[in-house]
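All of the numbers you see were taken from the coordinates with simple rules; none came from a lab. All values reported here derive from a predicted model rather than from experimental measurement. Cβ placement follows ideal geometry from the backbone for every residue including glycine, while neighbour counts extend to all protein chains displayed.
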Amino acid sequence: MVDAAKHAKARIVDVVFHTFNPHGISGVVVIAESHLAIHTWPEYNFASLDVFTCGTEINPWKAYTYAAKKFKAKNMTAIEMRRGMLPLPSRLLKHKPS
């Protein structure tokens, strides 16, 4: 996940992961542009990945494709949701002050 964030040229702020007993991991890579999160269910060979970004400085699809390749995903489903847009298209919310 950290490498996926780096591959997308995101600026990493913090990293927190928790390993569950007997199996599974949940974690988040906090980036200046928002976050990457993962929840895994190894007993079902399943992982859910969220790449949430704001601004236009990084491409979340680079993180997605990098992670899918590294996890050797056999089946993938992706949904892009554009969030943080104000009524006027030219007024995107910024992740940092101007």
- For the range 38-49, take each phi angle, set θ = phi - 60°, evaluate the Karplus expression 6.51 cos²θ - 1.76 cosθ + 1.60, and give the result in whole Hz per residue in order, putting x for glycine and proline. 9, 9, 10, 10, x, 5, 10, 6, 9, 9, 10, 10
- Message: I want the local charge near His7. Using Cβ-Cβ distances under 15 Å, sum +1 for each Lys or Arg and -1 for each Asp or Glu among the other residues.
- Response: +3
- What number comes out for the charge environment of Glu57, summing +1 per Lys or Arg and -1 per Asp or Glu over other residues with Cβ under 9 Å away? +1
- Cα→Cβ-extended label distance, 7 Å offset, between Ile25 and Ser48, nm: 1.8 nm
- Given 0.36 nm per residue, what is the gain on full extension from Glu57 to Met76 after removing their alpha carbon distance, in nm? 4.3 nm
- Neighbourhood charge, 13 Å Cβ-Cβ cut-off, centred on Lys69 and excluding it, Lys, Arg +1 and Asp, Glu -1: +3
